[in-house]
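The values are calculated or read from the model by the stated rules, or taken from the named source; none is laboratory data. On a predicted model such as this, the values are computed, not experimentally measured, just so you know. Note that each Cβ is placed from the backbone with ideal geometry, even for glycine, and that neighbours are counted across all protein chains shown. Note: accessible area is taken over every heavy atom of the protein model, side chains too, but ligands, DNA and RNA are not part of it. Shrake-Rupley method; radii C 1.70, N 1.55, O 1.52, S 1.80 Å.
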Amino acid sequence: MSEAILRATGLRKEYGSTLALRGADLTVRTGEVVAIMGPSGSGKSTLLHCLAGVITPDQGEVRLDGVPLAGLNDRARSRLRRSSFGFVFQFGQLVPELPAIENIALPLLLAGSKRREAMSVARAWFPRLGLDGLEHRLPGQMSGGQSQRVAVARALAAGPRVVFADEPTGALDSLAGEQVMDLLIDAARTQGATVVLVTHEARVAAHADRTVIVRDGRVTAPVEA
Ligand SMILES: Nc1ncnc2c1ncn2[C@@H]1O[C@H](COP(=O)(O)OP(=O)(O)OP(=O)(O)O)[C@@H](O)[C@H]1O
């Protein structure tokens with residue numbers, strides 16, 4: 001069995017009087033696709049954001065390759081997010097002023113690629129996305145499903161080690177949602193990326209190797225595969 005890439009132990013997070021996480025534990029292995037399910041407000045997004053180092057838990061820790069994220073300063077944490085992580089949200093993550101191809105090229109440019117090289121990598125995604133000919137469409141000129149496919153390509157283009165997806169199909173009908181999930185899982189597996197996915201939908205979770213349930217701020221169903 002592969003090594004743990006992410007290990008969260010005893011995560012606790014309070015927002016004012018709301019206890020969002022109360023001792024959440026989760027281990028994710030390299031190359032695994034893990035779905036996080038659970039009732040609304042149970043703490044799924046908070047857990048995802050702690051795993052990704054976007055928010056810092058009040059107690060407990062997250063380790064990436066055994067190294068505690070809390071030990072990194074803000075700059076190192078942002079660099080890590082940029083170089084090792086990709087993100088897909090429900091909607092609205094593309095830069096509206098940039099055509100699809102430039103949205104995909106953006107993380108590569110931020111990582112230091114030359115423009116010509118970044119655009120060529122981005123262009124190569126279009127046949128795979130089923131979006132040939134739409135390279136120069138703005139996000140507002142594409143359907144929700146097309147935009148989400150572009151968002152998946154953007155999350156994966158720079159070769160992240162972990163992709164975090166929060167309700168990536170939440171705003172889509174079932175056919176468009178299936179296409180987005182097929183693309184996300186297929187591309188992640190091809191690249192050997194690990195995926196941590198929050199979803200309400202069992203058919204989305206069915207794409208995962210393993211599903212865990214968050215209830216009242218704790219991970220209640222199989223912590224380990
Ligand atoms: N920034 C915030 N400020 C205050 N309360 C928050 C904040 N973020 C989350 N919460 C609260 O923390 C709890 C857990 O929220 P979280 O978004 O993690 O749950 P969730 O399981 O992802 O919910 P949903 O499925 O509805 O998206 C909820 O009660 C929520 O209202």
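Please find, within region 117-162, the residue that is most open to solvent (accessible area, probe 1.4 Å) out of those that are closer than 11 Å to Ile101 by Cβ and basic (Lys, Arg).
Looking at the filtered set, the residue picked out is Arg123.
Suppose we filter Ser17, Ser2 for residues that are at pLDDT below 95 and away from the ligand (no atom under 16 Å from the Cβ); which single one remains? Give the steps one after another, and end with the answer.
Details: Ser17 fails: away from the ligand (no atom under 16 Å from the Cβ).
None of the others qualify; the one that does is Ser2.
Residues Ala165, Ala202: which one is open to solvent by less than 50 Å² (accessible area, probe 1.4 Å) and either touching a residue at least 40 places away in the same chain (Cβ under 8 Å) or polar (S, T, N, Q) (or both)?
The match here is Ala165.
Residues checked against (1) touching a Leu at 6+ places or on another chain (Cβ under 8 Å); (2) free of Cβ contacts under 8 Å to residues at least 60 places away in the same chain; (3) in a helix (DSSP H, G or I); (4) under 26 Å from Arg22 (Cα atoms):
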| position | (1), (2), (3), (4) |
| --- | --- |
| Pro57 | yes, yes, no, yes |
| Arg63 | yes, yes, no, yes |
| Phe87 | no, no, no, yes |
| Gln90 | no, no, no, yes |
| Val95 | yes, yes, no, no |
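Being over 17 Å from Thr27 (Cα atoms), within 16 Å of the ligand (Cβ to nearest atom) and assigned to a loop (DSSP other than H, G, I, E, B) is the filter here, so list the residues in region 202-220 that pass it.
Asp216
Regarding Val204, is this residue of a type in the set (Val, Ile, Thr) and at pLDDT below 95?
Working: of a type in the set (Val, Ile, Thr): yes; at pLDDT below 95: yes.
Here the answer is yes, as Val204 does meet what is asked.
Give the residue that is farthest from Gln179 (Cα to Cα), with candidates limited to residues of region 120-149 that are assigned to a helix (DSSP H, G or I) and of a type in the set (Ser, Thr, Tyr). Full working, then the answer.
Step one: filter region 120-149 for residues assigned to a helix (DSSP H, G or I), giving 120-129, 139-141, 144-149.
Within this subset, residues satisfying the condition of being of a type in the set (Ser, Thr, Tyr) are 120, 147.
Details: Ser120: 23, Ser147: 12 Å.
Here the residue is Ser120.
Filter region 27-54 for residues that are assigned to a strand (DSSP E or B) and either near the ligand (Cβ under 8 Å from one of its atoms) or more than 16 Å from Val163 (Cα to Cα) (or both) and give the result.
If we filter region 27-54 for residues that are assigned to a strand (DSSP E or B), which is where we start, we get 27-29, 33-37.
Scanning region 27-54 gives a single hit, Met37.
Just give me the residues in region 29-63 being within 17 Å of the chain's Cα centre (by Cα), buried (at least 18 other Cβ atoms within 10 Å of the Cβ) and among the polar types (S, T, N, Q), in sequence order.
Ser45, Thr46, listed by residue number.
Please indicate, with yes or no, whether at least one residue in region 185-196 is away from the ligand (no atom under 16 Å from the Cβ), part of a loop (DSSP other than H, G, I, E, B) and either at pLDDT below 95 or under 17 Å from the mean Cα position of the chain (by Cα) (or both).
As a first pass, look at region 185-196 and keep what is away from the ligand (no atom under 16 Å from the Cβ): 185-195.
Okay, now just the ones that are also part of a loop (DSSP other than H, G, I, E, B), so 192-193.
From the residues that got through so far, the ones that are either at pLDDT below 95 or under 17 Å from the mean Cα position of the chain (by Cα) (or both) too are 192-193.
Scanning region 185-196 turns up at least one residue that is away from the ligand (no atom under 16 Å from the Cβ), part of a loop (DSSP other than H, G, I, E, B) and either at pLDDT below 95 or under 17 Å from the mean Cα position of the chain (by Cα) (or both).
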